[in-house]
Amino acid sequence: MKGIKKMSINISKPYAPPFDDYMMEIKDIWETRMFTNVGSKHKKLERKLEKYLNAKKVSLFTNGHLALETALEALELKGEIITTPFTFSSTIQAIVRRGLRPVFCDINESDFTLNTDLIEDYITDKTCAILPVHIYGNVCDVNKFDKLSKKTNLPIIYDAAHAFGVKYNNIDISNYGTISMFSFHATKVYHTVEGGCLAYNDLNLEDKFSKIRNFGLDGDEAVISGFNAKMTEIHAAMGLCNLLYIQEQINRRKVLSDRYDNKLNNVKGIRLNNVSKLITRNYAYYPIRVIEGESSISRDRLIEILKEHDIHVRKYYHPLVSQYKIFENKYDINDTPIASKIANEIIVLPLYPDLKEREIDKICNIIIEQLN
Ligand SMILES: *Cc1c(COP(=O)(O)O)cnc(C)c1O
């Protein structure tokens with residue numbers, strides 16, 4: 001129809017709580033003028049998240065990335081960290097910026113998380129930690145990592161940016177490993193606009209995290225190295241509002257994700273994200289693989305065709321972080337053949353609570369039409 005602009009569909013759209021809820025939540029800040037510096041909203045959100053994530057302790061940060069850097073700093077790590085090449089830039093930047101050397105281990109073809117059968121081959125006397133990623137909210141082989149940590153004394157730091165509220169075997173995932181980092185970026189399942197946290201069970205870490213995120217200060221004097229990574233009260237207020245709606249959001253994501261599953265289940269040339277029944281999911285992302293040799297068109301061509309229909313999907317995560325320019329060809333892509341293959345096949349389709357059923361149908365119909 002003339003004058004009506006066709007809406008484009010993007011990979012994600014941030015959730016917004018009812019406007020009045022947020023206004024109510026921040027009203028008292030105008031009176032107290034306590035805008036930041038670990039105020040009452042910050043403290044309240046930490047307690048609420050400890051409950052929600054079932055973690056002994058939660059520490060908030062400006063964003064997930066600085067939370068991750070803080071975790072590596074607090075553990076005083078030096079040397080090599082074993083991690084996955086199939087992740088977002090943040091994981092690897094945290095390692096590099098802390099002066100540590102990443103060592104890349106390959107992933108499982110089934111769930112795209114680190115392959116624990118291979119990992120021991122990479123452990124040397126230089127290894128100081130393992131940093132697995134719960135990619136798309138798919139849970140890593142947490143029990144095996146815990147065993148490995150006991151055996152080797154290496155800390156396991158999870159990048160759980162995608163895995164807010166996820167459980168494995170009915171146990172909240174922050175109860176596995178040494179520390180888990182969650183991101184509260186606006187595009188994530190749960191958000192504080194920008195924000196993030198560390199969840200952990202070792203109470204000794206709390207004081208260190210608090211100091212590092214506040215210039216290393218103890219009173220008037222810096223006692224350790226630190227920076228500014230405090231979450232503001234304005235952001236914590238958004239977190240308090242959004243927490244009231246999180247289950248509703250996840251339920252809606254499930255409905256949409258199931259709809260994709262039903263439509264795309266038997267399409268020749270694509271594979272869906274096969275999630276273990278032991279995982280309580282958060283439906284953060286909807287990845288599919290376009291299998292070369294089985295599919296009638298290439299992954300990149302399918303992305304182009306969707307774009308022609310104003311549907312904007314992403315190749316999360318291509319290229320592999322090990323192939324970034326910052327590493328100047330230091331890492332051979334053939335050392336992680338499964339990750340390399342998945343990076344060439346992956347597409348993440350739009351998934352967010354506001355997405356309409358008919359929009360999913362449209363996306364699926366285009367895919368089905370192209371692949372049949
Ligand atoms: C979003 C994300 C981060 C970084 O979180 P921010 O809150 O944006 O700093 C880290 N790792 C992964 C895998 C992510 O997707």
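For the range 1-127, just say rounded, prolate or oblate: build the C-alpha gyration tensor, square-root its eigenvalues into a ≥ b ≥ c, call rounded for a/c under 1.5, and beyond that prolate if a/b exceeds b/c, oblate if not. Please list the in-between numbers first.
Details: a/c = 2.62, a/b = 1.40, b/c = 1.87.
It is oblate, given that a/c is not under 1.5 and a/b is not larger than b/c.
Apply the Karplus curve 6.51 cos²θ - 1.76 cosθ + 1.60, θ = phi - 60°, to the phi angles in the range 142-158 and return the couplings in whole Hz, x for Gly and Pro.
4, 5, 5, 5, 4, 4, 4, 5, 4, 5, 9, 6, 7, x, 10, 10, 8
Per residue of the range 206-217, in order, report the coupling 6.51 cos²θ - 1.76 cosθ + 1.60 (Karplus, θ = phi - 60°) as ³J(HN,Hα) in whole Hz, putting x for Gly and Pro.
Those phi angles translate into 4, 4, 5, 4, 4, 6, 4, 6, 10, 6, x, 6 Hz.
Quick one: what are the phi-derived ³J(HN,Hα) couplings along the range 87-94, Karplus 6.51/-1.76/1.60 with θ = phi - 60°, whole Hz, x for glycine and proline?
In residue order, the calculated couplings are 7, 7, 3, 3, 4, 6, 5, 4 Hz.
Which residue, chosen from TYR245, HIS65, ALA229, occupies the Cα position most advanced towards the positive end of the dipole of the chain, where the dipole is computed from +1 (Lys, Arg) and -1 (Asp, Glu) charges on Cβ about the Cα centre?
It is TYR245.
Please list, in chain and number order, the residues 5+ apart from PHE215 or on another chain whose amide H is under 5 Å from its amide H, with Hs placed from the backbone.
The list, which skips near neighbours in sequence, is PHE227, ASN228, ALA229.
Would you tally the net charge around ARG301, using a Cβ to Cβ cut-off of less than 12 Å, leaving ARG301 out, and scoring K and R as +1, D and E as -1? List each step's numbers first, then the result.
On the way: positive: ARG299, LYS307; negative: GLU292, ASP300, GLU304, GLU308.
So the surrounding residues net to -2.
For ALA161, list long-range residues whose amide hydrogen, built 1.01 Å from N in the peptide plane, is under 5 Å from its own amide hydrogen.
HIS134, SER183
Placing +1 at every Lys and Arg Cβ and -1 at every Asp and Glu Cβ, with all other atoms neutral, what dipole size does the chain have around its Cα centre, in debye to the nearest 20? Don't skip to the end; give the middle numbers.
Details: 50 positive and 48 negative charges, 164 e Å.
Using Cβ point charges on Lys, Arg, Asp and Glu, the chain gives about 780 debye.
Among SER183, PHE215, LEU205, whose Cα sits farthest toward the positive end of the charge dipole of the range 178-219 (+1 at Cβ of Lys/Arg, -1 at Cβ of Asp/Glu, about the Cα centre)?
Towards the positive end, the residue furthest out is SER183.
Principal axis lengths of the chain from Cα atoms, whole Å, largest first?
Cα spread of the chain along its principal axes, largest to smallest: 67, 55, 39 Å.
Got a number for the accessible area of ASP125? Probe 1.4 Å, square angstrom, nearest 10.
Near enough 150 Å² of accessible area.
Would you please report the Å³ per residue occupied by the convex hull of the alpha carbon atoms in the range 172-268? Walk me through the intermediate numbers first.
Numbers: hull volume 15.1 nm³, N = 97.
Cα convex hull per residue, to the nearest whole number: 156 Å³.
Below 14 angstrom from the Cβ of GLN370, what's the summed charge of the other residues (Lys, Arg +1; Asp, Glu -1)?
Net of charged neighbours comes to +1.
Counting helices only, and only those DSSP H runs with n ≥ 4, report the 222 nm mean residue ellipticity of the chain as the sum of -39,500 (n - 2.57) divided by its residues, in deg cm²/dmol to the nearest 500.
-11000 deg cm²/dmol
So if I place +1 on the C-beta of Lys and Arg and -1 on the C-beta of Asp and Glu, and nothing else carries charge, what would the dipole magnitude of the range 138-271 be about its Cα centre? I want it in debye, nearest 20.
Numbers: 17 positive and 15 negative charges, 198 e Å.
In total the dipole reaches around 940 debye.
Take the residue pairs LYS167/LYS230; LYS13/LYS41; LYS41/LYS230; LYS43/LYS144 and return only those whose Cα atoms are more than 22 Å apart. Spell out each step's value before the answer.
Details: LYS167/LYS230 27 Å; LYS13/LYS41 25 Å; LYS41/LYS230 12 Å; LYS43/LYS144 34 Å.
From the list (LYS167/LYS230; LYS13/LYS41; LYS41/LYS230; LYS43/LYS144), the Cα-Cα distance tops 22 Å for LYS167/LYS230; LYS13/LYS41; LYS43/LYS144.
Given the options LEU100, SER90, THR32, identify the residue whose Cα lies farthest towards the positive end of the charge dipole of the range 1-156 (+1 on Cβ of Lys, Arg; -1 on Cβ of Asp, Glu).
So the residue furthest toward the plus end is THR32.
With all protein chains present, how much of the accessible area of the chain (probe radius 1.4 Å) comes from carbon and sulfur, to the nearest whole percent?
Details: 8600 of 17520 Å².
Ligands and nucleic acids excluded, carbon and sulfur reach 49 percent.
The values are calculated or read from the model by the stated rules, or taken from the named source; none is laboratory data. Computed from a prediction, not measured in an experiment: that's the story for all the values here. Glycine also receives a Cβ, built like all others from the backbone with ideal geometry; neighbour counts cover every protein chain displayed. Calculation scope for accessible area: heavy atoms of the full protein, side chains included, ligands and nucleic acids excluded. Shrake-Rupley method; radii C 1.70, N 1.55, O 1.52, S 1.80 Å.
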